[in-house]
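> Below is the structure I would like to discuss, written out as structure tokens.
The values are calculated or read from the model by the stated rules, or taken from the named source; none is laboratory data. Since the model is a prediction, treat every value here as computed from it, not as a measurement. Neighbour counts are summed over all protein chains in view; Cβ atoms, including those assigned to glycine, are modelled from backbone coordinates with ideal geometry. To get the accessible areas, we keep the full protein, side chains included, count just its heavy atoms, and leave off ligands, DNA and RNA. Shrake-Rupley method; radii C 1.70, N 1.55, O 1.52, S 1.80 Å.
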Amino acid sequence: MIEVRELQKNYNGVTVVDIPALTVQKGETIGLVGNNGAGKTTFFRMILDLIRPTRGEVFSKGENVSSTEDWKQYTGSHLDEGFLIDFLTPEEYFNFIGKLNGLTSGDVQAFMDRFRDFFNGEILEQRKYIRDFSKGNQKKVGVAAAVMSDPELLILDEPFANLDPSSQIRLKNLLKDLKRQGMTMLISSHDLSHVIEVCDRIVLLEKGKVVEDMKTSETTLQQLENYFTV
Amino acid sequence: MIRLLLSHQWKESKRSSVWQKNLAINLVLGFLMLILLLYVVLLGFFMRELIEAIKPGADPIAAVNAGLLYYFLLDLAMRFFLQELPVLSVQPYLHLPIRKSKLVNFVLWKSITSIFNFLPLLLFIPFALKELPEVYGVAGAWSWVAGLFLLTLVNNFLTLYFKRLMVEKPLLSYGFLLLVIALATADYLGYISVGKVSGVFFNALGAAPIWVMVPLALLAVVYYMNFQFLIAHTYPEEMRVRQASKVGDNAEIGFLQRFGELGTLIGLELKLIMRHKRPKSTTMMSVFFLAYGFIFYGQEIYTNGFAMLIFPGIFMTGFMMMSYGQFVPGWQSAHFDALLTKRLSPYTFYLSKFWMFVPACTLAYLITLLYGLMPEIGGKIVAINTACFLYNIGINTFVVLFMSTYNKKRIDLSKSASFNWQGVGASQFIMMLPTLILPILIYLPFGLMDQPWWGIAAIGLLGVLGFIFHRQLMGVVVQRFQREKYRIAAGFRQA
């Protein structure tokens, strides 16, 4: 699904991402962990062709993401508020994204109904613009919009941050559902137990380099905790 | 403490991205500002001569004294719309162990640094120093200036107070506005004379410095009012002058839905314009520019030739496109990442801009047809404006869109409209050259050969060609955009 070759990004001579090779198979769910500044977001941005790599390429389904735009057809993503259009109401935003993906307004309505639980009555029919929502609720809107078109590949940057405990559990269940449907996922998170529960492979970044790449097992949490203990 | 706060303010403005990024732009803007201020000083210096020219035989000092109160009313009205409230900057300090009264005083003192408070000084000090000492003596002249400055400050604090009150109790503010209007009407109808009061008061100010106490007392009162109000409302959400955004029903414009993806994108952009102050006022401004033609069309030196009519033609039919288009895609900087990663090709993105500009130009053009009613020159104006309109939709649309790929400055739409230089970069200045000068250059050879109508036809023809080949031209724009998008996106991500 995703193949990374010799990927490097430098800012003013400092290497922030340096991944010689990384392959993500179709249907795999990958959790990206690492301390602040490890290069997680920069890595995601390069996969989404938002940042030009200093060196190397990212291939999605065998095609370089910077030379075609086919990946947009099957990729859903939410990294930060920059992915939201904050002067729209959530309904307007979903309709907008729906139209770009060729969904009818009936499809969008059905989608919103499906997410009613996840939204917990705080998103729809609020007569508020997205910019006036709390960070957590903004995140819910972004995550929902990302999975709206049933993408084959889903990229989320810290989806659990800012969410209340119930919403975190709902999101976890949602992601597990999507995983069962065979969606490929790349999720970064600081919450080790959540990410281990959802993902079947964990990639640990440190200063831009992959220092650990393992299948999740019963001992993974222990291993990660050992690594992060100061 | 105050010194520490001041140093933070200084750092804030010095380190703001606007200052740091582009020295050249700041130099140009600074230069323009300086020239503007110089004009103000000169105006003050030659005020006597000006008044004598307008109203021969009048006593300039008496005239100025009589006009000053009107000036202050005008100043108040202008501030009401333009002046910013320096309030939110205290937010990071509210939770720290600093006395609230100190913060409030700081905010109020800081408001004095507004340029509005110094303009009258620049305007009237030269006048006062040049003219007044003969009449009032040096001390009198200075007390006159002091009284003026104090009244300016009264205006400053009145504005702050009423602007804030507008959010709390809108009725009171409107009442104040009504009072001013009633005063003006009564003056106009001759029941009272603001001019006479003004004359008597400012004359007294010069003759007997003790009168300075009046504006001083006024200032103390408004300052105290502001202080009391602010100290009771130090909560950020109460200080912010922002009405809770009212959300109407999800109004999708049905007509646009027929155009598929393009319609959706145009609908999005229309919402962007409608829901934010700055793009809205930018668009509204262009309505006023439709009257721009009157400057040119009333004078025979212009209407006898052709070249000087091309300029207003391009300007009027294209101003809406240019004034909004010069910041594309910066308007969308806050959600630019979304536009890049959602299922949307850059080509469609730019095509939607094109199809927004074309109706905008068409609308402006249709309105300029009214100039055709002007006797004698009407036909000529319509012909030239038609050519300019065609040039605008065929060529200038692409010039604007091509230049847009140079826009790398984030625009924060939550910031207000006036005096907002955010997003201004070199491309805005460069854009003026091809959009306004190129059509005149095209005309020039024909004009020199004494075939002006062929020149006008050439401009129109070029526009038609550009419009026919808009897909190809768009391809060029999109190609450049594809190369630049990383840098644009990186620029937009920087707050």
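> For region A:2-228, with only Lys/Arg (+1) and Asp/Glu (-1) charged at the beta-carbon, what is the dipole magnitude about the Cα centre, in debye rounded to 20?
140 debye
> For region B:255-493, with the dipole built from +1 on Lys and Arg beta-carbon atoms and -1 on Asp and Glu ones, taken about the Cα centre, which of B:I456, B:G293, B:T317 lies farthest toward the positive end?
It is B:T317, whose Cα lies furthest towards the positive end.
> Please check region A:88-122 for residues whose accessible area, probe 1.4 Å, is lower by 50 Å² or more when all protein chains are in place than in their chain alone.
A:E92, A:F96, A:K99, A:L100
> Next question. Return the single residue from A:L84, A:L175, A:L100 with maximal mean-square fluctuation; model: Gaussian network over chain A, springs between Cα atoms under 10 Å.
Checking each option, the largest mean-square fluctuation is seen for A:L100.
> Now for a different question. Tell me: how much accessible area in total is hidden between B and A, 1.4 Å probe, Å², nearest 100?
Buried area (both sides, nearest 100 Å²): 3400 Å².
> Roughly what angle does helix B:213-232 make with the longest principal axis of chain B, taking Cα atoms, 0 to 90 degrees, to the nearest 10?
60 degrees
> For helix B:378-391, report the angle its Cα long axis makes with the longest principal axis of the Cα atoms of chain B; keep it between 0 and 90° and round to the nearest 10°.
In chain B, helix B:378-391 runs at an angle near 70 degrees to the longest axis.
> How big is the gap, in Å, between the Cα center of region A:130-192 and the Cα center of region B:359-401?
51 Å
> Which value, in Å², gives the accessible area per residue of region A:80-230 when a 1.4 Å probe is used on the protein heavy atoms?
Per-residue value: 43 Å².
> Take the alpha-carbon centre of region B:262-277, take the same for region B:58-134, and report the distance between them in whole Å.
Centre-to-centre (Cα) distance: 38 Å.
> While we're looking at this one, here's another question. According to the square roots a ≥ b ≥ c of the eigenvalues of the Cα gyration tensor, what is the shape class of region B:255-493, taking rounded for a/c under 1.5, prolate for a/b larger than b/c otherwise, and oblate for the remainder?
Cα axes put region B:255-493 in the prolate bin.
> Tell me, in nm to one decimal, what length is gained between A:V211 and A:E63 on full extension, where the rule is 0.36 nm per residue of separation less the Cα-Cα distance?
Values: separation 148, 0.36 × 148 = 53.28 nm, distance 2.66 nm.
Contour length minus Cα-Cα distance gives 50.6 nm.
> On to the next question. Roughly how many nanometres apart are two label points built 7 Å out from the Cα toward the Cβ at B:N105 and B:L27?
That separation, rounded to one decimal, is 4.2 nm.
> Over region B:2-239, what is the mean sequence separation of C-alpha contacts under 8 Å (at least six apart), divided by residue count, expressed as relative contact order in percent?
Result for region B:2-239 is 29 percent.
> Another question about this same structure. Counting alpha carbon pairs within less than 8 Å and at least 6 residues apart, what relative contact order, in whole percent, applies to region A:2-228?
Across region A:2-228, relative contact order equals 29 percent.
> Suppose we flag trypsin sites (Lys or Arg not before Pro) only when DSSP calls them loop and at most 15 other Cβ atoms lie within 10 Å. Which is the longest uninterrupted stretch of chain B?
B:259-414
> Can you list the residues in region B:462-491 whose accessible area drops by at least 40 Å² when all protein chains are present, compared with the chain alone? Use a 1.4 Å probe, heavy atoms only.
Residues of region B:462-491 that lose at least 40 Å² of accessible area once the other chains are added: B:Y486.
> Label points 7 Å out from Cα along the Cβ direction at B:E484 and A:F228: separation in nm?
Those two pseudo-labels are separated by 4.2 nm.
> Once you put a point 7 Å from the Cα of B:L50 and another 7 Å from the Cα of B:V180, both along the Cβ direction, what distance in nm separates them?
Output for this residue pair reads 2.1 nm.
> List the aspartates and glutamates whose Cα lies under 18 Å from the Cα of B:K408, skipping any in the same chain that are fewer than 8 positions away.
A:D49, B:D337, B:E484
> Please compute the average number of Cβ atoms from other chains found within 10 Å of each residue's Cβ in peptide A:45-53.
For this peptide, the per-residue mean of nearby foreign Cβ atoms is 4.
> At a 1.4 Å probe, what is the % contribution of carbon and sulfur to the accessible area of region B:101-231?
Within region B:101-231, the accessible surface is 78 percent carbon and sulfur.
> If you put +1 on each Lys and Arg Cβ and -1 on each Asp and Glu Cβ, how big is the dipole of region B:2-239 around its Cα centre, in Debye rounded to 20?
Approximately 880 debye in magnitude.
> From Cα pairs below 8 angstrom and at least 6 apart in sequence, can you work out the relative contact order of region B:255-493, rounded to a whole percent?
Relative contact order here is 27 percent.
> Would chain B count as rounded, prolate or oblate if I go by the C-alpha gyration tensor, calling it rounded below 1.5 in a/c and otherwise prolate when a/b exceeds b/c, oblate otherwise?
Cα axes put chain B in the oblate bin.
> Pop out the carbon and sulfur fraction of the accessible area of chain A as a percent, whole number, probe 1.4 Å.
45 percent
> Size of the dipole of the protein assembly as shown about the Cα centre, Lys and Arg at +1 and Asp and Glu at -1 on the beta carbon, nothing else charged, in debye to 20?
820 debye
> Oh, and also: Please label the shape of region A:2-228 as rounded, prolate or oblate, based on the square roots a ≥ b ≥ c of the eigenvalues of the alpha-carbon gyration tensor (a/c under 1.5 means rounded; beyond that, a/b larger than b/c means prolate, else oblate).
prolate
> Mind checking which of B:Y174, B:G67, B:A186 is farthest towards the positive end of region B:2-239's charge dipole, using Cβ charges of +1 (Lys, Arg) and -1 (Asp, Glu) about the Cα centre?
It is B:Y174, whose Cα lies furthest towards the positive end.
> Using Cα atoms only, what is the angle between the long axis of helix B:194-207 and the major principal axis of chain B, expressed in degrees (0 to 90) to the nearest 10?
50 degrees
> May I ask for the Rg/Rh ratio of the protein assembly as shown, computed from Cα atoms with Rh as the Kirkwood radius, given to two decimals?
Computed over Cα atoms, the ratio is 1.03.
> Among B:H276, A:G136, B:A204, pick out the residue whose Cα is farthest towards the positive end of the charge dipole of the protein assembly as shown, where Lys and Arg carry +1 and Asp and Glu carry -1 on C-beta, about the Cα centre.
B:A204
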